[in-house]
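The values are calculated or read from the model by the stated rules, or taken from the named source; none is laboratory data. Remember, predicted model here, so these are calculated numbers, not experimental data. Note: ideal-geometry Cβ built from the backbone for every residue, glycine included; neighbour counts use all protein chains shown.
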Amino acid sequence: MVTLRDMHEDDIDAVSALRVRGWQVAYAGLVPQDHLDGMSAEDDARRRRAGFASSRGSRWNLVAVDEDDVPVGWVCFGPYRGVTDAAAPGEVYALYVEPGLIGRGIGRALLRAVHQHAGARQFATFQLWVLRDNARARRFYAAAGYAADGAVESDMYGETAVEEVRYRRAMEPRGL
């Protein structure tokens, strides 16, 4: 049984470790292995800690915690990057679940919570970017009502370009 709550600064180390494990499992074979091997929970936590307090009110972080209050899932969302007008869509910046717990509904619960926040934040749509070749994630988001909208971008990992596709979902007026 997991519970969802706002992320606290004390959760940063656990969330960073979760994010790095999530990357290393989900992106194996999709992102160059040397990049994955070079990831560090400590480095991630240092960057996350530096921006955590200053992003309050413009980004929201929710965690799914187990019975010991240890984060086993995390989602970060807010206004779509680079858009500052009031009609900006929302964006799911990141969603990760402890790799051994994938398929148990934690990711769905986190995404539902994001959608419930949509009405209060007045986001008419939510968007997110997913690796083109990440079939599992693409199925997950499609099952949640997201669809690719045709936008594509590439991120460089050393000499390797990795394509991402943008997914979009309209929010119903009540935010669900």
Exercise for the section: Determine, yes or no, whether residue 168 is among the charged types (D, E, K, R), closer than 21 Å to residue 58 by Cα and either touching an Asp or Glu at 6+ places or on another chain (Cβ under 9 Å) or surrounded by fewer than 21 Cβ atoms within 10 Å (Cβ to Cβ) (or both). Expected result: yes
Exercise for the section: Among the helices (runs of 4 or more DSSP H) lying completely within region 6-76, list those that include at least 1 residues that are under 25 Å from residue 103 (Cβ atoms) and among the small types (Gly, Ala, Ser). Expected result: 12-26, 41-52
Practice task
Tell me, yes or no, whether region 10-28 has at least one residue that is surrounded by fewer than 14 Cβ atoms within 10 Å (Cβ to Cβ), at pLDDT 95 or above and over 24 Å from residue 172 (Cβ atoms).
Solution key: yes
Practice task
Note down all Cβ pairs under 8 Å where the first residue falls in region 31-51 and is closer than 22 Å to residue 132 by Cβ, the second is acidic (Asp, Glu), and they're at least six residues apart or on different chains.
Solution key: none
Practice task
Please name all residue pairs, on different chains or six or more residues apart, with Cβ atoms under 7 Å, provided the first residue is in region 7-29 and is over 20 Å from residue 59 (Cβ atoms) and the second residue is outside any helix (DSSP H, G or I) and of a type outside the set (Asp, Glu).
Solution key: 24/39; 26/134; 27/131
Completion exercise
(1) modelled with pLDDT of 95 or more; (2) buried (at least 16 other Cβ atoms within 10 Å of the Cβ) all hold for residue 43 apart from (2)
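Residues checked against (1) surrounded by 12 or more Cβ atoms within 10 Å (Cβ to Cβ); (2) modelled with pLDDT of 95 or more:
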{"site": "37", "(1), (2)": "no, yes"}
{"site": "63", "(1), (2)": "yes, yes"}
{"site": "71", "(1), (2)": "yes, yes"}
{"site": "78", "(1), (2)": "yes, no"}
{"site": "81", "(1), (2)": "no, no"}
{"site": "84", "(1), (2)": "no, no"}
{"site": "89", "(1), (2)": "yes, no"}
{"site": "92", "(1), (2)": "yes, yes"}
{"site": "97", "(1), (2)": "yes, yes"}
Fill in the blank from the handout: Selection from region 128-176 of residues free of Cβ contacts under 8 Å to residues at least 40 places away in the same chain, within 22 Å of residue 38 (Cα to Cα) and in a strand (DSSP E or B) yields 130, 154, 155, 156, 161, 163, 164
